[in-house]
Amino acid sequence: MANDFFYKKVEAYNKAKELTKLVYVLINKFPPCEQYALSDQLRRAAISIPSNIAEGLGRMSIKERLHFLEIAYGSLTEVTCQMDIAESLGYITDGELTQIENCSIEVGRIMSGLRKSLVNKLNNKPQDDEDRWA
């Protein structure tokens with residue numbers, strides 16, 4: 001059971017969790033009228049990043065792990081887009097947007113490295129009998 005949650009030791013997960021916490025802090029600055037609109041969408045997109053990393057790493061198949069990592073990356077770009085909109089609406093400052101963008105770039109870079117590692121594992125994996133005949 002102790003190794004069931006190894007994703008907690010993965011840098012991509014931990015950095016994504018930091019980004020999520022930052023998003024939550026900044027959402028608190030939004031006006032009440034955004035509670036069920038942009039704030040809600042941002043919360044769901046932000047929490048989706050570490051959640052999909054964790055879920056993917058919990059899968060046995062490398063292809064499934066890659067799939068969930070791609071979903072996490074899509075959510076990452078969604079967060080940066082929505083924060084850009086929030087800055088345009090005056091909900092966050094330009095400096096706060098820069099902070100989100102820098103954190104997002106770091107998360108994306110780390111996720112890209114994880115993706116590359118998984119692709120390398122997939123490509124170097126010994127073929128089983130079924131793959132040889134395909």
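Per residue of the stretch 45-60, what does 6.51 cos²θ - 1.76 cosθ + 1.60 with θ = phi - 60° give for ³J(HN,Hα)? Whole Hz please, x for Gly and Pro, Karplus curve as stated.
Values, residue by residue: 5, 5, 5, 5, 5, x, 5, 6, 4, 4, 5, x, 5, x, 8, 7 Hz.
Which residue fluctuates the most in the chain, going by a Gaussian network model with Cα springs under 10 Å, if the choices are SER48, SER117, SER75?
SER117
From the phi of every residue in the stretch 19-35, what ³J(HN,Hα) in whole Hz does the Karplus formula 6.51 cos²θ - 1.76 cosθ + 1.60 yield, where θ is phi - 60° and glycine or proline is x?
4, 4, 4, 4, 4, 4, 4, 6, 4, 4, 7, 5, x, x, 5, 8, 4
On a full-extension model of 0.36 nm per residue, what is the gain between GLU11 and GLU70, subtracting their alpha-carbon distance, rounded to one decimal in nm? Could the numbers behind the result be given before it?
On the way: separation 59, 0.36 × 59 = 21.24 nm, distance 1.63 nm.
In short, 19.6 nm is gained.
Using the Karplus curve 6.51 cos²θ - 1.76 cosθ + 1.60 with θ = phi - 60°, what ³J(HN,Hα) values do you get for each residue of the stretch 95-109, in whole Hz, with x for Gly and Pro?
For the stretch 95-109, the Karplus curve yields x, 5, 4, 4, 4, 4, 5, 5, 5, 5, 4, 5, 4, x, 5 Hz.
Starting from the Cα gyration tensor of the stretch 20-66, take the square roots of the eigenvalues, sort them a ≥ b ≥ c, and report rounded, prolate or oblate (rounded when a/c is under 1.5, otherwise prolate if a/b is larger than b/c, else oblate).
Prolate is the answer for the stretch 20-66, as a/c is 1.5 or above and a/b outweighs b/c.
Where does the chain land on the Kirkwood hydrodynamic radius, alpha-carbon pairs, in angstrom?
16.0 Å
Straight-line reach from LYS121: which lysines fall under 29 Å, measuring Cα to Cα and dropping same-chain residues less than 8 apart?
Reachable lysines: LYS8, LYS9, LYS15, LYS17, LYS63.
Can you give the accessible area per residue of the chain, in Å², using a 1.4 Å probe?
Normalised by residue count, the accessible surface of the chain is 62 Å².
With a 1.4 Å probe and every protein chain kept in, tell me what percent of the accessible surface of the chain is carbon plus sulfur.
53 percent
Given +1 on the Cβ of Lys and Arg, -1 on the Cβ of Asp and Glu, and no further charges, what dipole in debye does the chain carry about its Cα centre, rounded to the nearest 20?
460 debye
The values are calculated or read from the model by the stated rules, or taken from the named source; none is laboratory data. No experiment lies behind these values; they were computed from the predicted model shown. Glycine gets a Cβ as well: all are built from the backbone with ideal geometry, and neighbour counts include every protein chain shown. What goes into the accessible areas is simple: the full protein's heavy atoms, side chains included, and nothing from ligands, DNA or RNA. Shrake-Rupley method; radii C 1.70, N 1.55, O 1.52, S 1.80 Å.
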